[in-house]
Amino acid sequence: MSLFSGIRSKTATPVRIHIEDCDAVAKLTEAFTEKLFSLGLTPERPRLIVCIGTDRSTGDSLGPIVGSRLLELNHKCFKILGTLENPVHATNLSEYLRIIEKMPNPFIIAVDACLGNVNNVGCINIAEGALKPGAGVNKPLPPVGNLHITGVVNVAGFMEYFVLQNTRLHTVMKMAKIISEGIHQASRNMAGWPVPDFEELLNTTINRPER
């Protein structure tokens, strides 16, 4: 989980889409596709989506729910790390990143929940550059991603852990549905690209307990 202020854009202005927008999936699909190609994604690069969070906290479960939904959609364009069954969280993130670093020039998309201004709750943000997870709860975690997608699940500024625990599941589920469907639809633009097949990742599950 990150604070809204923790989003790090590279150069372009982040795209913001509200979950109540009736065209949210179409807008996310278009913005996601545009960002991928503007950042120079090519078929030969290893492609991963790292969905960060934990199902132990309602607000922080956005990432793992997105990962699980993408697997349910039989998504093949990106290798998915971080699901409800096998979450990528504060305790094991660094170990996963050490595995990813062994790949040749990987393209990484980070997905995470965040807290923000009351007027931005319910917004999905897509931005270039790395995400700094854990900023919202003062956890020193390494930055992740060439591109990142965050969902503002609740209000920042006071008792963040308590706020995350008391976030509406409806908001998180609606965000996860829009993000996963948008990513999956955007991947149709990459039809015919080789399916990522990283044996080390496929055979590695880091089960370090959360703290």
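Values quoted throughout were computed directly from the atomic coordinates according to the rules given, and no laboratory measurement underlies them. Predicted model, so just to flag it, every value in this text is computed and none were measured. Reconstructed Cβ throughout: ideal geometry from the backbone, glycine too, with neighbour counts over all protein chains shown.
So here's what we get for this one:
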| item | result |
| --- | --- |
| Computed lengthening from Ser94 to Phe37, 0.36 nm per intervening residue step minus Cα-Cα distance | 17.8 nm |
| Within-10-Å neighbourhood charge of Lys79 [Cβ basis; K, R +1; D, E -1] | +1 |
| Among Ser94, Val50, Ser180 - extreme Cα towards positive end, dipole of region 2-189, charges at beta-carbon | Ser94 |
| Cα→Cβ-extended label distance, 7 Å offset, between Trp193 and Lys102, nm | 2.4 nm |
| Gain on full stretching of the segment that runs from Glu30 to Lys177 - 0.36 nm per residue minus C-alpha separation | 51.3 nm |
| Whole-number Å³ per residue for the convex hull built on Cα positions in region 2-189 | 105 Å³ |
| About the Cα centre, charge dipole magnitude for region 2-189 (Lys/Arg +1, Asp/Glu -1 at Cβ), debye | 280 debye |
